[in-house]
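The values are calculated or read from the model by the stated rules, or taken from the named source; none is laboratory data. Note that this is a predicted model, so its numbers are computed, not measured. Here the Cβ is made from the backbone with ideal geometry for all residues, glycine too, and neighbour counts use every protein chain on show.
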Amino acid sequence: MIADQASILIIEDEPSIAELIEYTMTEAGLSSVVAFTAAEGWSAIQRRTPQLILLDWMLPDQSGLRFLSRLRAERQFQSTLVMMLTAKSMEEDKISGLDNGADDYMTKPFSPRELTSRVKALLRRKNPDQMTGVMSAGVVTLDPASCSVLMNEQKIDIGHAEYRLLKFFMANPDRVFSRSQLLDKVWGDHVVIEERTVDVHILRLRKALHEVDNLIRTVRSVGYMLSTK
(Lines give C-alpha, C1' and ligand atoms only; values in the text may rest on other atoms or scores of the structure.)
Protein backbone atom coordinates (compact mmCIF):
# COMPACT_ATOMS: atom_id res chain seq x y z
CA MET A 1 0.00 0.00 0.00
CA ILE A 2 1.21 3.50 -0.88
CA ALA A 3 1.43 5.89 2.02
CA ASP A 4 -1.42 8.41 1.91
CA GLN A 5 0.98 11.28 2.33
CA ALA A 6 3.59 10.32 -0.25
CA SER A 7 5.54 13.48 -1.03
CA ILE A 8 5.25 14.73 -4.63
CA LEU A 9 7.15 17.75 -5.98
CA ILE A 10 5.54 19.32 -9.04
CA ILE A 11 7.89 21.49 -11.12
CA GLU A 12 5.68 23.18 -13.72
CA ASP A 13 5.69 26.79 -14.91
CA GLU A 14 2.12 26.91 -16.26
CA PRO A 15 -0.10 27.80 -13.26
CA SER A 16 -3.23 26.15 -14.71
CA ILE A 17 -1.41 22.87 -15.39
CA ALA A 18 0.33 22.97 -12.00
CA GLU A 19 -3.05 23.51 -10.32
CA LEU A 20 -4.57 20.58 -12.23
CA ILE A 21 -1.71 18.26 -11.27
CA GLU A 22 -1.81 19.36 -7.62
CA TYR A 23 -5.57 18.78 -7.50
CA THR A 24 -5.13 15.36 -9.14
CA MET A 25 -2.52 14.35 -6.56
CA THR A 26 -4.72 15.56 -3.68
CA GLU A 27 -7.66 13.55 -5.02
CA ALA A 28 -5.37 10.51 -5.09
CA GLY A 29 -4.49 11.03 -1.43
CA LEU A 30 -0.96 12.23 -2.17
CA SER A 31 0.70 15.27 -0.63
CA SER A 32 2.27 17.67 -3.14
CA VAL A 33 4.02 21.03 -3.40
CA VAL A 34 4.49 23.15 -6.51
CA ALA A 35 7.58 24.91 -7.85
CA PHE A 36 7.27 27.14 -10.93
CA THR A 37 10.97 27.23 -11.88
CA ALA A 38 13.95 24.89 -11.74
CA ALA A 39 15.52 27.11 -9.08
CA GLU A 40 12.41 26.85 -6.88
CA GLY A 41 12.37 23.11 -7.43
CA TRP A 42 16.01 22.78 -6.41
CA SER A 43 15.38 24.79 -3.25
CA ALA A 44 12.41 22.56 -2.45
CA ILE A 45 14.39 19.32 -2.64
CA GLN A 46 17.09 20.80 -0.41
CA ARG A 47 14.47 21.33 2.27
CA ARG A 48 12.85 17.92 1.86
CA THR A 49 13.58 15.10 -0.56
CA PRO A 50 10.33 14.11 -2.27
CA GLN A 51 9.41 10.55 -3.12
CA LEU A 52 8.57 11.58 -6.68
CA ILE A 53 9.20 14.62 -8.87
CA LEU A 54 6.80 15.50 -11.70
CA LEU A 55 9.13 17.53 -13.91
CA ASP A 56 8.17 19.74 -16.85
CA TRP A 57 10.66 19.70 -19.73
CA MET A 58 10.31 23.38 -20.70
CA LEU A 59 10.99 25.62 -17.71
CA PRO A 60 11.74 29.36 -17.88
CA ASP A 61 15.15 29.30 -16.20
CA GLN A 62 16.53 25.86 -17.06
CA SER A 63 15.38 22.87 -19.11
CA GLY A 64 13.88 19.99 -17.19
CA LEU A 65 16.42 17.70 -18.83
CA ARG A 66 19.30 19.76 -17.44
CA PHE A 67 17.64 19.82 -14.02
CA LEU A 68 17.35 16.02 -14.20
CA SER A 69 21.03 15.63 -15.09
CA ARG A 70 21.98 17.85 -12.15
CA LEU A 71 19.71 15.84 -9.86
CA ARG A 72 21.23 12.49 -10.89
CA ALA A 73 24.73 13.87 -10.38
CA GLU A 74 23.97 14.28 -6.66
CA ARG A 75 24.34 11.02 -4.74
CA GLN A 76 21.48 11.71 -2.31
CA PHE A 77 19.01 12.20 -5.18
CA GLN A 78 20.07 9.36 -7.49
CA SER A 79 17.21 7.10 -6.42
CA THR A 80 14.53 9.83 -6.31
CA LEU A 81 11.73 8.97 -8.72
CA VAL A 82 11.25 11.40 -11.62
CA MET A 83 8.47 11.51 -14.21
CA MET A 84 8.92 13.93 -17.10
CA LEU A 85 5.80 15.83 -18.19
CA THR A 86 6.17 17.45 -21.59
CA ALA A 87 4.63 18.30 -24.93
CA LYS A 88 7.63 16.69 -26.64
CA SER A 89 6.35 13.40 -28.02
CA MET A 90 9.09 12.22 -30.42
CA GLU A 91 10.65 8.87 -29.51
CA GLU A 92 14.09 10.53 -29.51
CA ASP A 93 12.90 12.93 -26.80
CA LYS A 94 11.54 10.06 -24.70
CA ILE A 95 14.80 8.14 -25.02
CA SER A 96 16.76 11.29 -24.12
CA GLY A 97 14.67 11.76 -20.97
CA LEU A 98 15.02 8.11 -19.93
CA ASP A 99 18.74 8.09 -20.72
CA ASN A 100 19.25 11.08 -18.44
CA GLY A 101 17.61 9.25 -15.55
CA ALA A 102 13.85 9.74 -15.84
CA ASP A 103 11.81 6.84 -14.47
CA ASP A 104 8.81 7.57 -16.66
CA TYR A 105 7.69 10.00 -19.36
CA MET A 106 4.22 11.40 -20.00
CA THR A 107 3.22 13.69 -22.86
CA LYS A 108 0.83 16.62 -22.64
CA PRO A 109 -2.13 16.80 -22.78
CA PHE A 110 -2.64 13.91 -20.38
CA SER A 111 -5.54 12.27 -18.59
CA PRO A 112 -5.58 12.97 -14.82
CA ARG A 113 -6.69 9.36 -14.28
CA GLU A 114 -3.74 8.00 -16.25
CA LEU A 115 -1.35 10.35 -14.43
CA THR A 116 -2.65 9.07 -11.08
CA SER A 117 -2.31 5.46 -12.19
CA ARG A 118 1.24 5.90 -13.40
CA VAL A 119 2.33 7.89 -10.35
CA LYS A 120 1.02 5.16 -8.05
CA ALA A 121 2.66 2.47 -10.20
CA LEU A 122 6.00 4.24 -9.85
CA LEU A 123 5.61 4.56 -6.08
CA ARG A 124 4.73 0.86 -5.79
CA ARG A 125 7.64 -0.11 -8.00
CA LYS A 126 10.14 1.84 -5.92
CA ASN A 127 9.95 -0.39 -2.85
CA PRO A 128 10.92 -3.78 -4.35
CA ASP A 129 13.79 -2.09 -6.14
CA GLN A 130 15.42 -0.80 -2.96
CA MET A 131 17.98 -3.58 -2.56
CA THR A 132 20.66 -2.35 -0.20
CA GLY A 133 23.15 -5.20 -0.21
CA VAL A 134 26.24 -5.19 -2.41
CA MET A 135 25.87 -7.52 -5.41
CA SER A 136 28.67 -9.25 -7.31
CA ALA A 137 29.09 -11.15 -10.55
CA GLY A 138 32.64 -12.22 -11.29
CA VAL A 139 34.86 -9.15 -11.15
CA VAL A 140 31.88 -6.78 -11.25
CA THR A 141 30.45 -5.35 -8.01
CA LEU A 142 27.40 -3.12 -7.71
CA ASP A 143 26.71 -1.11 -4.57
CA PRO A 144 23.10 0.21 -4.40
CA ALA A 145 23.94 2.41 -1.43
CA SER A 146 26.36 4.53 -3.48
CA CYS A 147 24.85 3.72 -6.91
CA SER A 148 28.33 2.71 -8.07
CA VAL A 149 29.75 -0.14 -10.14
CA LEU A 150 33.26 -1.49 -9.68
CA MET A 151 35.20 -3.77 -11.99
CA ASN A 152 38.36 -5.34 -10.57
CA GLU A 153 37.82 -2.93 -7.64
CA GLN A 154 38.00 0.09 -9.96
CA LYS A 155 34.95 2.33 -10.38
CA ILE A 156 33.60 2.46 -13.93
CA ASP A 157 31.47 5.07 -15.67
CA ILE A 158 27.98 3.82 -16.42
CA GLY A 159 24.80 5.56 -17.52
CA HIS A 160 21.72 5.68 -15.29
CA ALA A 161 19.65 3.42 -17.56
CA GLU A 162 22.52 0.94 -17.91
CA TYR A 163 23.01 0.96 -14.12
CA ARG A 164 19.36 0.03 -13.59
CA LEU A 165 19.59 -2.68 -16.23
CA LEU A 166 22.75 -4.15 -14.68
CA LYS A 167 21.22 -4.01 -11.20
CA PHE A 168 18.20 -5.96 -12.41
CA PHE A 169 20.38 -8.57 -14.12
CA MET A 170 22.58 -8.97 -11.04
CA ALA A 171 19.51 -9.41 -8.86
CA ASN A 172 18.33 -12.15 -11.26
CA PRO A 173 21.45 -13.99 -12.47
CA ASP A 174 21.32 -16.85 -15.00
CA ARG A 175 17.73 -16.06 -15.96
CA VAL A 176 16.76 -15.17 -19.52
CA PHE A 177 14.51 -12.14 -20.04
CA SER A 178 12.86 -11.06 -23.27
CA ARG A 179 13.04 -7.43 -24.41
CA SER A 180 9.42 -6.87 -23.38
CA GLN A 181 10.09 -8.35 -19.94
CA LEU A 182 13.09 -6.05 -19.48
CA LEU A 183 11.01 -3.05 -20.50
CA ASP A 184 8.42 -4.07 -17.92
CA LYS A 185 10.82 -4.97 -15.09
CA VAL A 186 13.39 -2.19 -15.54
CA TRP A 187 11.41 0.70 -17.02
CA GLY A 188 7.81 -0.36 -16.32
CA ASP A 189 5.22 -1.58 -18.78
CA HIS A 190 3.59 1.86 -18.78
CA VAL A 191 6.65 3.48 -20.42
CA VAL A 192 6.00 3.86 -24.14
CA ILE A 193 9.31 3.04 -25.83
CA GLU A 194 10.15 0.44 -28.42
CA GLU A 195 11.72 -2.92 -27.63
CA ARG A 196 14.73 -2.09 -29.82
CA THR A 197 15.64 0.55 -27.23
CA VAL A 198 16.62 -2.36 -24.95
CA ASP A 199 19.20 -3.42 -27.55
CA VAL A 200 20.72 0.08 -27.44
CA HIS A 201 21.09 -0.05 -23.64
CA ILE A 202 22.49 -3.61 -23.75
CA LEU A 203 25.11 -2.39 -26.22
CA ARG A 204 26.00 0.54 -23.95
CA LEU A 205 26.12 -1.72 -20.90
CA ARG A 206 28.51 -4.11 -22.64
CA LYS A 207 30.67 -1.16 -23.68
CA ALA A 208 30.80 0.03 -20.05
CA LEU A 209 31.81 -3.46 -18.91
CA HIS A 210 34.29 -3.73 -21.83
CA GLU A 211 36.70 -6.52 -20.78
CA VAL A 212 33.88 -8.61 -19.28
CA ASP A 213 31.21 -7.69 -21.84
CA ASN A 214 30.42 -11.40 -22.22
CA LEU A 215 28.84 -11.24 -18.76
CA ILE A 216 25.65 -10.15 -20.56
CA ARG A 217 24.73 -12.93 -22.97
CA THR A 218 22.37 -12.85 -25.92
CA VAL A 219 20.07 -15.86 -26.05
CA ARG A 220 19.07 -16.09 -29.67
CA SER A 221 15.37 -15.57 -30.41
CA VAL A 222 14.67 -15.14 -26.70
CA GLY A 223 16.44 -12.20 -25.09
CA TYR A 224 19.29 -11.49 -22.67
CA MET A 225 20.71 -12.82 -19.43
CA LEU A 226 23.56 -12.28 -16.99
CA SER A 227 25.63 -15.44 -17.00
CA THR A 228 27.68 -16.40 -13.94
CA LYS A 229 28.87 -19.67 -15.49
(message) On the basis of being modelled with pLDDT of 90 or more and closer than 22 Å to Asp99 by Cα, does Leu166 make the cut?
(response) yes
(request) Sort through Arg179, Arg217, Arg204 and tell me the only one that's over 23 Å from Leu150 (Cα atoms) and either in contact with a Ser or Thr (Cβ under 8 Å, 6 or more places away or on another chain) or modelled with pLDDT of 85 or more (or both). (result) Arg179
(message) Let me spell it out: the conditions are (1) in a loop (DSSP other than H, G, I, E, B); (2) at pLDDT 90 or above; (3) in contact with a Lys or Arg (Cβ under 7 Å, 6 or more places away or on another chain), and Met225 meets all of them except one. Which number is the exception?
(response) (1)
(message) I'd like to verify a number: residues in the range 35-51 that are modelled with pLDDT under 95 and buried (at least 17 other Cβ atoms within 10 Å of the Cβ), how many?
(response) 4
